[in-house]
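In what follows, a single structure is set out as structure tokens and then discussed.
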Amino acid sequence: MAYNIRRINPLDLQPRKAVGVAIPFSAQAVFTSTFTTKDAIKVNLINYFLTGTKERVFNIDFGAGLRNLLFEQITDTSIGKVSEQVKTGLSKYFPTVVVDQMLLTPVPESNTVSFLLKYSVRDTNIEDLITINFEN
């Protein structure tokens, strides 16, 4: 009989040990810590989606480049191109993240793009949802 074993990150077993830093940087001491792997992965993914391509100095491939959609003509072709770029980047920088659903919804009249990502993390029980609205 096969068992589906879910791994728990050892850092999640230590409730007072910070795992990462949350976004936005608006706490009293500037940084708000994250204390679970689930929160750290979500913050890292949001950071990836909000970073433009060629924005990081020593890692110019990092970033989804979603904000670039606001300065282009929004068509099915450009949405498909960005979707592929996001999937490629996620497989490179977040290999344990499995995309369950990804939607890029353009609203050309207001030059707005809504991004939704449902994801899970391989071999864990982590599932979450990210929604980002890019407005011009």
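Enumerate the aspartates and glutamates that LYS17 could reach by cross-link, defined here as Cα to Cα under 20 Å, with residues fewer than 8 away along the same chain left out.
Here the aspartates and glutamates satisfying the reach criterion relative to LYS17 are ASP39.
Identify all aspartates and glutamates with a Cα-Cα distance to LYS38 below 14 Å; exclude those on the same chain that are fewer than 8 residues away in sequence.
Excluding near neighbours in sequence, the set is ASP12, ASP123, GLU127, ASP128.
Can you run phi through the Karplus equation (6.51, -1.76, 1.60; θ = phi - 60°) for segment 71-80 and list ³J(HN,Hα) in whole Hz, with x for Gly and Pro?
Here the 3J(HN,Hα) series is 9, 10, 5, 7, 10, 4, 5, 5, 5, x Hz.
PHE71 to LYS92: extension gain in nm, 0.36 nm per residue of separation minus the Cα-Cα distance? Don't jump to the answer; show the numbers that get you there.
Details: separation 21, 0.36 × 21 = 7.56 nm, distance 2.57 nm.
Extending this stretch completely gives an extra 5.0 nm.
For q = 0.21 Å⁻¹, what log10 I(q)/I(0) does segment 15-135 give under the Debye formula with an equal point scatterer on each alpha carbon and no solvent?
-1.28
Report, ordered by chain and residue number, the lysines lying within cross-link reach of LYS54, taken as a straight Cα distance under 23 Å and ignoring same-chain residues fewer than 8 apart.
Counting by Cα, and skipping residues close in sequence, LYS54 has these lysines nearby: LYS42, LYS81, LYS87, LYS92.
Can you list which of the chymotrypsin sites (Phe, Trp or Tyr not before Pro) found in segment 25-122 are DSSP loop residues with at most 16 other C-beta atoms within 10 Å? It would help to have the intermediate numbers written out before the result.
Numbers: sites: PHE25, PHE31, PHE35, TYR48, PHE49, PHE58, PHE62, PHE71, TYR93, PHE115, TYR119; in loops: PHE25, PHE31, PHE35, PHE58, PHE62.
When the chymotrypsin sites (Phe, Trp or Tyr not before Pro) of segment 25-122 are filtered for loop state and at most 16 Cβ neighbours within 10 Å, PHE25, PHE31, PHE58 remain.
Any read-out appearing in this document is the output of simple, stated calculations on the displayed coordinates, not a laboratory observation. Given the structure is predicted, the values throughout are model-derived calculations rather than measurements. Using ideal geometry, Cβ is built from the backbone for each residue, glycine included, and neighbour counts are taken over all protein chains shown.
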